[in-house]
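Encoded as structure tokens, the structure appears first; notes follow it.
Derivation of every value follows stated rules applied to the coordinates shown; laboratory data play no part. Treat the numbers as computed from the prediction; the structure is a model and nothing was measured. Neighbour counts run over all protein chains shown; Cβ positions are idealised from the backbone, glycine included.
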Amino acid sequence: MSRFAIGIDLGGTQVRAALVDEQGNIHRRVEERTDAQAGPDRVLGQIRGLTEQLRSACEPSTIAGIGVSAPGPLDTELGLALDIPTLRGFSNYPLREELRKRLLLPVSLENDGIAAAVGEWQFGAGKGFQNLVYVTVSTGIGGGIIADGRVVRGRKGMAGHVGHMSIVPDGLICSCGGKGCFEAYASGTAFTKRARARIAECAETSLAGSGEGIDSRSVFIAAEKGDALATALVDEEAELLGRGFTSLIHMFSPEIVIMGGGLSQQFDRLQAGIQSHVERNAMPAFRDVRVVGAALGQNSGLIGAAALASFSRRPSSEL
Ligand SMILES: [Zn+2]
């Protein structure tokens, strides 16, 4: 009989749930908009509702457990949401225990960057590697690291908050309150903000006058059509990503760096610029590290969370 796990990806915008088998295949997937301002009771009720839909799609005894990926910082040793900025009321909240009470199944909890890294490692672009760095570039920047064939969790399970390494001394203010963070320069949000400001100052771009209607996609489309400012903005984004990735390559010596998240939809256009930054700026011994796009798209975290739920039931698991 095939065994399943349920993966939950709790985000500030969407909450998604999927029934995933041991090969990482999604059998059924459901989602709804997160009621982010309503507080933990309501959000956990949403998770229970989605989980029940999935349970009715298979024989309940075949479900090994539930894995939850949530934005951090989470203390995954204690099962606490320390402070989730995008979800109201999730401050020092006993997320794992409250979920276990409602779902009546074993629950594993993971910071979202680590869950997505595990998904890509087990079933996606990182399959077969012992050392990799996964970076999600979206509203913010997060990540997860696999080193020596094991998940790097660090103190409280909070390793991999790679968006908050400083790349510009005394630079732009970040969502975390710090200055000059990688996220404040290279996230999808930072890219759109920079694009809007530069377009407002430039008369000779096809995007002039588009104002708040400009998003990252429209800039990439304009660059594709040869717009000089849009091309410069895209090349600059690749440089900034390359700068952060080069530091991560020096720190962890991965075989590959995997880029996921919303902006990775444009990975084909960004890849050459990122790779060229690494080749020019990494120490010679690190210059051959490849940067690749995530293979599981928006499902890395869902599939990773499910994998963690089913593997954590096995003895002597290294996950
Ligand atoms: Zn920061």
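Cβ crowding within 10 Å ranks 259, 251, 165 as 251, 165, 259, fewest other Cβ atoms first.
Computed over the stretch 203-319, the Cα gyration tensor eigenvalues convert (square root of 5λ each) into semi-axes of 33, 21, 9 Å, ordered from largest to smallest. Here the 3J(HN,Hα) profile of the stretch 29-37, calculated from phi with Karplus coefficients 6.51, -1.76 and 1.60 at θ = phi - 60°, is 9, 9, 7, 8, 6, 5, 7, 5, 9 Hz, Gly and Pro shown as x.
For the stretch 183-246, GluC sites (Glu not before Pro) are listed when DSSP marks them as loop and at most 15 other Cβ atoms sit within 10 Å of their Cβ; the list is 201, 204.
Counting other C-beta atoms within 10 Å, and keeping those with at most 15, which DSSP coil trypsin sites (Lys or Arg not before Pro) do you find in the stretch 216-319? Sites meeting the loop and neighbour criteria: 225, 287, 313.
Applying the criteria of a DSSP loop state and at most 16 other Cβ atoms within 10 Å to the GluC sites (Glu not before Pro) of the stretch 69-146 yields 77. Tell me whether the stretch 51-130 comes out rounded, prolate or oblate; compute the Cα gyration tensor, take square roots of the eigenvalues as a ≥ b ≥ c, and use a/c under 1.5 as the rounded threshold. Since a/c reaches 1.5 but b/c is at least a/b, the shape of the stretch 51-130 is classed as oblate.
Pair-distance distribution P(r) for the stretch 125-295, from all Cα-Cα distances in 10 Å bins starting at 0: 10, 38, 35, 14, 3, 0 percent. Potential lengthening of the chain between residue 170 and residue 272 amounts to 33.8 nm, from the contour at 0.36 nm per residue minus the alpha-carbon distance.
Whole-percent P(r), the stretch 258-313, all Cα pairs, 10 Å bins from 0: 22, 35, 26, 16, 1.
Each 5 Å bin from zero up to the one holding the largest Cα-Cα distance in the stretch 1-124 carries the following percent of pairs: 2, 11, 23, 26, 20, 12, 5, 1, 0.
Look at where the Cα atoms of the stretch 139-201 and of the stretch 10-43 average out, and the two centres are 24 Å apart.
Altogether, the Stokes-Einstein calculation at 20 °C and 1.002 mPa s, with the Kirkwood radius of the chain over Cα pairs as Rh, returns a diffusion coefficient of 106 µm²/s.
Summarising the label geometry, the points placed 7 Å from Cα in the beta-carbon direction at residue 265 and residue 295 lie 2.3 nm from one another. Counted residue by residue at 0.36 nm each, then reduced by the alpha carbon distance between them, the extension gain from residue 127 to residue 179 reaches 15.2 nm.
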